[in-house]
There are 2 protein chains.
Amino acid sequence: MTRPSSRPRDRGIPEATVARLPVYLRALHGLTDRGVPTVSSEELAAAAGVNSAKLRKDLSHLGSYGTRGVGYDVEYLIYQISRELGLTQDWAVAIVGAGNLGRALANYGGFVSRGFRIAALLDVQESLVGAEVAGLRVEHSDQLEAVVRQRRVSIGVIATSAAGAQTVCDRFVSAGVTSILNFAPVVLNVPEGVDVRKVDLSIELQILAFHEQRKAAGALGPDWNVSVEPPPAPPERVGGRIPVDAVDAAEEEGR
Amino acid sequence: MTRPSSRPRDRGIPEATVARLPVYLRALHGLTDRGVPTVSSEELAAAAGVNSAKLRKDLSHLGSYGTRGVGYDVEYLIYQISRELGLTQDWAVAIVGAGNLGRALANYGGFVSRGFRIAALLDVQESLVGAEVAGLRVEHSDQLEAVVRQRRVSIGVIATSAAGAQTVCDRFVSAGVTSILNFAPVVLNVPEGVDVRKVDLSIELQILAFHEQRKAAGALGPDWNVSVEPPPAPPERVGGRIPVDAVDAAEEEGR
DNA sequence: CCCGCTTTGTGCGTGCGTTCACAAGGACAT
DNA sequence: ATGTCCTTGTGAACGCACGCACAAAGCGGG
């Protein structure tokens, strides 16, 4: 302790910690709803599904907001975490893509309750423009730049198909958006200084499948999954840069 | 190298690697669509948005499937990764919750194209039962256990509200599901041996807000965000278990 | 057959994240 | 005022992950 006060000693909060703060916040909100005034690291950790030592270390990065022998004041801790995450101000969010996912996002209550305000819902498809979703009128994507500037949008959400995502991203960036949440299954290219977070629904399923397979594999012995289908063409190399039309080595029908 | 062959030398693949394999897979599919037969680690890494050394190390965990001086055979690598992830078999998935999110998931093409088959879409709400979504008839949640057993469901997706999530989870588990993908904003309690992956839309936004705030903070100097609203009641402790009405010690305003 | 070019596969150093275990500190009872 | 009890905050050890940089290995040309 170099500082006498209980201020965040260091502005560098580990990424891993930042990612968990919202979880703690949610658990704390649950506690206030139940009228709990004070919570120990052990209890809060259980509610958040983490190790209590990890929780304490995480919280210690924001400052010394607990009372030894007692625990943390729930209300106070909520405020401190919210402030650290920047949730004490409200953030204007624009969602591009009013398909199933875009509509689901617009209707998602978790946004509004955390200081996020859906400033616009945009789509290219004419038939969707003008429709009302979650109290919002769907606007045409042409309006993207105008909307971002006029409504002070600082976070862009991409809920389009993979094909259109990069274009939307570029337009967000050139309009001044520096934080983007991407649901499209593509790797976005952005300049330095722009943050992109990715949520890929199918990736999560694939990770689950991997573990599920492994559980099953244990019961069946190793190598149980080789050749469930004919192993498609082992390396089968022929020339250095074979042109596309060189489809001579047909081999067996791969997969 | 202890093994002469090019089989996965070690069955322990790092989690971080597993999480990236689906990304590589997607990039590889993009390459086949463009007719590219062979790819170097440098190119593939660029397409996947990672470091090329990391990519090579990741792939080395599955075995030695590249050719030095040439690169990787796209088709072959796709097969190997797919097999490792368990995508060569098809997985029956049940989605509970036919709200906006549930419907979005059912319509999401990324599932089917990766070996996942939506076996059922369930909801408690009577008004939704019977509706057709993505070629599926919405069934009542009562059917959960029956559906899981009869259709060999091995992965459960929870797209309900926070309130119902734990119940649905418990029912999945007791019906024998050991892999769960949770979209509800709660920490699920599951027994040993059950894998849960969590996707929380609002957490991602909160992480973005944190970084966005930090960018803005740099320009405004430190402490710019203190007291944008009155700092709510510093610890204000009095007794061990103070009733809500005990509000006396104001202290100095802590922070 | 040999040589040089290209790209893989990996040994190794470094840094981050997690966990243990305990000293420091505050509250309450006596 | 003092001692006991409880919980925080953190020093230190450990383990995983990342990235550099290079040796090993295949390919094509001469």
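Looking only at other chains, what is the average number of their beta-carbon atoms within 10 angstrom of each beta-carbon in B:120-130?
So the per-residue partner count for this stretch is 0.
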| remark: Mean separation of Cα contacts under 8 Å (at least 6 apart) over the residue count of region A:91-201, i.e. the relative contact order in percent, is 25
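When a footprinting reagent is the concern and you count Cβ atoms within 10 Å, what order do B:65, A:72 take, fewest first? Show your work: numbers first, answer last.
Working: B:65 18, A:72 25.
Lowest to highest Cβ neighbour count: B:65, A:72.
Just checking the output field for A:192-205: average partner chain Cβ neighbours within 10 Å of each residue's Cβ? Let's see the in-between values first.
Working: counts 0, 1, 1, 7, 2, 6, 3, 5, 5, 10, 12, 11, 9, 17.
Counting other chains' Cβ atoms within 10 Å and averaging over A:192-205 gives 6.
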| task | With +1 on each Lys and Arg Cβ and -1 on each Asp and Glu Cβ, and nothing else charged, work out how big the dipole of region A:15-85 is about its Cα centre, in Debye to the nearest 20. | result | 140
| said: Students often check this: by mean Cβ neighbours within 10 Å, which of A:96-109, B:176-189 ranks highest, and how do the rest follow? | reply: A:96-109, B:176-189
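Given the pairs B:57/B:215; A:54/A:198; A:54/B:198; B:54/B:215; A:57/B:215, which span a C-alpha to C-alpha distance of over 27 angstrom in this model? Please list the in-between numbers first.
Values: B:57/B:215 33 Å; A:54/A:198 25 Å; A:54/B:198 19 Å; B:54/B:215 29 Å; A:57/B:215 24 Å.
Over 27 Å Cα-Cα: B:57/B:215; B:54/B:215.
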| Tell me, B:132, B:84 in order of fewest to most beta-carbon neighbours within 10 Å? | B:132, B:84
| residue A:151 label points, 7 Å along Cα→Cβ, one per copy: pairwise distances from this copy to the rest in nm, shortest first? | 3.7
| Among A:197-203, A:73-79, what's the highest-first ranking by average C-beta atoms within 10 angstrom per residue? | A:73-79, A:197-203
| query | Taking the label point 7 Å from Cα in the Cβ direction, how far apart in nm is residue B:137 from each other copy of itself, listed shortest first? | reply | 4.1
| said: With θ taken as phi - 60° and the coefficients 6.51, -1.76 and 1.60, list the Karplus ³J(HN,Hα) couplings across region B:38-50 in order, rounded to whole Hz; mark glycine and proline as x. | reply: 9, 9, 8, 4, 5, 5, 5, 4, 4, 5, 9, x, 10
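From other protein chains only, count the Cβ atoms within 10 Å of every residue's Cβ in A:102-109, then give the mean. Mind showing how you got there, number by number?
Values: counts 2, 4, 10, 6, 1, 3, 8, 4.
So the per-residue partner count for this stretch is 5.
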| Inter-copy separations for residue A:176, label at 7 Å along Cα-Cβ, nm, ascending | 5.9
| task | Hey, can you grab everything whose amide H is under 5 Å from the amide H of residue B:122? Only 5+ residues off in sequence or another chain; H modelled, so Pro and N-termini drop out. | result | B:95, B:96, B:97, B:139
| Hz values of 3J(HN,Hα) by residue in region B:24-32 - Karplus curve (6.51, -1.76, 1.60), Gly and Pro given as x | 4, 4, 5, 4, 5, 4, x, 5, 4
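Can you sort B:26, B:151 so the residue with the fewest Cβ neighbours within 10 Å comes first? All intermediate terms of the calculation are to be shown ahead of the outcome.
On the way: B:26 22, B:151 14.
Listed from fewest to most nearby Cβ atoms, that is B:151, B:26.
Quick note: the coordinates plus some simple rules give every number you see, no bench work behind them. Because the structure is a prediction, the values reported are computed rather than measured. Positions of Cβ are backbone-derived with ideal geometry, glycine not excepted, and every protein chain shown enters the neighbour counts.
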